[in-house]
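Taking it in order: structure first as structure tokens, then the write-up.
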Amino acid sequence: MPLTNSFPAATGSNITVFVHSNIVQNCGGVDGGSFAAMVGAGGGYDSAAVGTAESPVPMAMPANGSGDAVPLSLYPPGFDLSGFIIFDPSTAEWVSGSGYSISPAPLTGAQFDDPQPLGGGSGGSGGTNAAPQTGFYEVVKVGATLYGLTNAMIIGGVVQLPFEAGEPSGLLTTVTLEDSGVPIATSINVAPFELPGLLLPLDTTLMSNGVHNISLHAQWTDPGDGTEDGSAAFYEGYSPAVSVTVSNEISFPNWIPGFGELGNSLVVSAQSAHTNAQWYLDVYDSQFSYIGTLGGTTPDGNIYVVWNLVGPDGTLHTDNTFEFVLTTVYGDPVTNSMVVPPTYRVTDPWNAPGDWVVVNQQAWNNFTGSGLLDTMTDGFAGGAQALGLAVRPTAAAGTAYRLHFGQGDPNATSDWAAFRSALYNNLSRNLFYLGHGTPKGLGYAQSNTNLSILAKEIGTVLATIPAGLTNAHKYRFVCLDGCSTASGTLPESFGVIHKENVPGSYYADASLRPSAFAGWNDDKAAGFANTIIVDHPNYFQHFQYQWTIGDGVKAAFNHAAGYPDVQFLSTGQLKVFGNWDLGVNAFNR
């Protein structure tokens, strides 16, 4: 019997189970397939189909008539049947259960000969001579459903949230918690998922105190359902947003996870739930040896410390990481202490201005107007060359590198090899990519690494993941014009702080080079009815113009969305992480 997505759930539960007397084993579970669910307690059995005297298998029901008839084989070996009546299909009579017993072996003689699965004998579909067993089936709501939060709830610390994500077809690739439609970096889970279950963590200590609108975003891929242009290969599911209040005595909503790229300073940014509070910051080196204590008073709850890495004895500390304990004192007094999140020294020597990688996947060549996508991408290549910067892989002057598309194209593999080589060249620090993508990486056939580049590989080769590696190769600017490229961990892979609107002053105080990442938070269609949607190339060409005349990255995208020829594009799904004010060639040295 197939898995169903419409069987009604039991009252007060997010799971439904039913009894199926055929032999069914290992049903349900959480994996990377079409369904993944966090299920709670509850559920019930539907015995209506077996509660008749015409049943071909032995049945049992309480003698007092308080319950429905169910297959006798459902009761465990040794179960006391003295208070039951038993239906014997060989005589079509109900008899007393006194003296009957259930054993693991098939029933024989007076215990009924050769019971058959409900609905068919040995010659029926699925029928066998073995004793029937119980099967359980998870029933998952279609779409994305978030549990554990209700409107007006007050939450703090780290909470684990159950969810359901179901789609009749496709493979579940990503489940992400979002705050007002923006992915929460610490709450992104990408396939393969851990078995047997998955809870989404929400670390509220990295959020500001106050009201937040939390929702679940799930995404599926179905290569078998889509054409080669990918137009039908992705599914999205969004749960309704739940308005909750975050409350922590000490939190770190503007935490800077790195320091020391350009000099010797770091930032500790925190928020106290109380105003007019004293604070103390105990500093320890990487070996947990005490260095000293910084302190002060916050009038508004905000705590912002810039430390020059010099201890009270005048010694400059060159550790790659430090440990901090923040204590606040307020009221009568009341004291609260908390270990701050980790921060790591960034070692990333640039030996020349940052060059560009500009590639354009030829996935829509059969669409009317496909040349508009080429022209749009060529604008990034030409703009970089006008600044005197090299563009990789090598193409004709003023043009982007064309990635041949399709597993049957003999040039596709070599094109992706050239793209991969250009991406990891130490002088490459800026990237514009037009082509297929998912939260897991770049490319359409991501099971074939010859035709894709995954986020995990990028983070490994660039030494940006995990945090704290030495000799990282960070990118200054990344724009990935592909489906759902902002929904996963690609920002971290390129070394960009996975948070919106990080102020330039924070980068300066932490001795970091500002950077920015732009990508889509959902599936995007480049064309409709074999015709390119002209609003898409218009949008990026207007962005190029706005950026070159002095707008920062975010302002350039905002102004580009306001042009009259950009109306049929959900530009609000274009997310920008890192520094919104990054200029077209700023800090590119």
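The values are calculated or read from the model by the stated rules, or taken from the named source; none is laboratory data. Owing to the predicted nature of the structure, the values given are computational and were not obtained by experimental measurement. For neighbour counting, all protein chains shown are included, and Cβ atoms are generated from backbone atoms with ideal geometry for every residue, glycine included.
Could you list, in sequence order, all residues of region 390-422 that are in contact (Cβ under 8 Å) with a residue 60 or more places away in the chain and in contact with a helix residue (DSSP H, G or I) (Cβ under 9 Å, 6 or more places away or on another chain)?
Kept after step one, since they are in contact (Cβ under 8 Å) with a residue 60 or more places away in the chain, are these residues of region 390-422: 405-406, 419, 422.
Phe405, Gly406, listed by residue number.
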Strands (runs of 3 or more DSSP E) wholly in region 230-344 with at least 2 residues that are over 30 Å from Asn579 (Cβ atoms) - which ones?
234-238, 277-284, 290-298, 323-330, 334-339
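Looking at region 200-227, which of the residues that are assigned to a loop (DSSP other than H, G, I, E, B) and over 17 Å from Gly441 (Cα atoms) is modelled with the lowest pLDDT?
Step one: of region 200-227, the residues assigned to a loop (DSSP other than H, G, I, E, B) are 207-209, 222, 226-227.
Still in the running and over 17 Å from Gly441 (Cα atoms): 207-209, 226-227.
Numbers: Met207: 96, Ser208: 95, Asn209: 96, Gly226: 44, Thr227: 47.
Within region 200-227, the match that is modelled with the lowest pLDDT is Gly226.
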Please verify whether Asp535 is among the acidic types (Asp, Glu), over 23 Å from Asp355 (Cβ atoms) and out of contact with any Lys or Arg (no Cβ under 9 Å at 6 or more places or on another chain), treating the condition exactly as stated.
yes
Contact list, first residue from region 359-372 and within 23 Å of Ala390 (Cα to Cα), second anywhere and of a type in the set (Phe, Trp, Tyr) and at pLDDT 90 or above, beta-carbon distance below 6 Å, six or more apart or interchain, is Val359/Tyr401; Val359/Phe419; Val359/Tyr433
Restricting attention to region 549-558, which residues are free of Cβ contacts under 8 Å to residues at least 40 places away in the same chain and part of a helix (DSSP H, G or I)?
Ala555, Ala556, Phe557, Asn558
Inter-residue pairs, beta-carbon under 7 Å, first over 23 Å from Lys575 (Cα atoms) and in region 464-488, second at pLDDT 95 or above and surrounded by 24 or more Cβ atoms within 10 Å (Cβ to Cβ), 6+ apart
Ala472/Gly495
Taking first residues from region 332-352 that are touching a residue at least 24 places away in the same chain (Cβ under 8 Å) and under 22 Å from Ser269 (Cβ atoms) and second residues anywhere that are surrounded by fewer than 11 Cβ atoms within 10 Å (Cβ to Cβ) and of a type in the set (Gly, Ala, Ser), the pairs with Cβ under 6 Å that are 6 or more apart or on different chains are none
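Of all residues in region 284-315, which are of a type in the set (A, V, I, L, M) and under 27 Å from Glu492 (Cα atoms)?
Here is the first cut: in region 284-315, the residues of a type in the set (A, V, I, L, M) are 291, 294, 303, 305-306, 309-310.
Answer for region 284-315, where residues must be of a type in the set (A, V, I, L, M) and under 27 Å from Glu492 (Cα atoms): Ile303, Val305, Val306, Leu309.
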If only one of Thr399, Thr377 is surrounded by 14 or more Cβ atoms within 10 Å (Cβ to Cβ) and part of a loop (DSSP other than H, G, I, E, B), which one is it?
Thr399
Being surrounded by fewer than 17 Cβ atoms within 10 Å (Cβ to Cβ) and either part of a loop (DSSP other than H, G, I, E, B) or among the acidic types (Asp, Glu) (or both) is the filter here; which residues of region 568-578 pass it?
Phe568, Ser570
Being at pLDDT 95 or above and among the acidic types (Asp, Glu) is the filter here, so list the residues in region 317-367 that pass it.
Asp319, Glu323, Asp355
For residues that are of a type in the set (S, T, N, Q) and closer than 16 Å to Ser208 by Cα, scanning just region 166-186, find the one that is surrounded by the most Cβ atoms within 10 Å (Cβ to Cβ).
Thr186
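If you check Ala467, Ala418, Ala412, which single one turns out to be buried (at least 20 other Cβ atoms within 10 Å of the Cβ) and more than 26 Å from Tyr539 (Cα to Cα)?
Working: Ala467 fails: buried (at least 20 other Cβ atoms within 10 Å of the Cβ); Ala418 fails: buried (at least 20 other Cβ atoms within 10 Å of the Cβ).
Being buried (at least 20 other Cβ atoms within 10 Å of the Cβ) and more than 26 Å from Tyr539 (Cα to Cα) holds for just one of Ala467, Ala418, Ala412, which is Ala412.
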Has region 181-191 got at least one residue that is part of a loop (DSSP other than H, G, I, E, B), closer than 25 Å to Val340 by Cβ and of a type in the set (Gly, Ala, Ser)?
no
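Condition check: surrounded by fewer than 17 Cβ atoms within 10 Å (Cβ to Cβ) and not hydroxyl-bearing (Ser, Thr, Tyr). Does Gly383 satisfy that? Explain how you work it out, then say what you get.
Details: surrounded by fewer than 17 Cβ atoms within 10 Å (Cβ to Cβ): no; not hydroxyl-bearing (Ser, Thr, Tyr): yes.
No: the conditions fail for Gly383.
Listed here are the residues, each with its yes/no results for (1) without any contact (Cβ under 8 Å) to a residue 24 or more places away in the chain; (2) closer than 21 Å to Thr375 by Cα; (3) of a type in the set (Val, Ile, Thr); (4) not in a loop (DSSP other than H, G, I, E, B).
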| position | (1), (2), (3), (4) |
| --- | --- |
| Trp547 | no, yes, no, yes |
| Val566 | no, yes, yes, no |
| Trp580 | no, no, no, no |
| Phe587 | no, no, no, no |
Can you tell which of Leu294, Leu309 is more than 34 Å from the chain's Cα centre (by Cα) and buried (at least 19 other Cβ atoms within 10 Å of the Cβ)?
Leu309
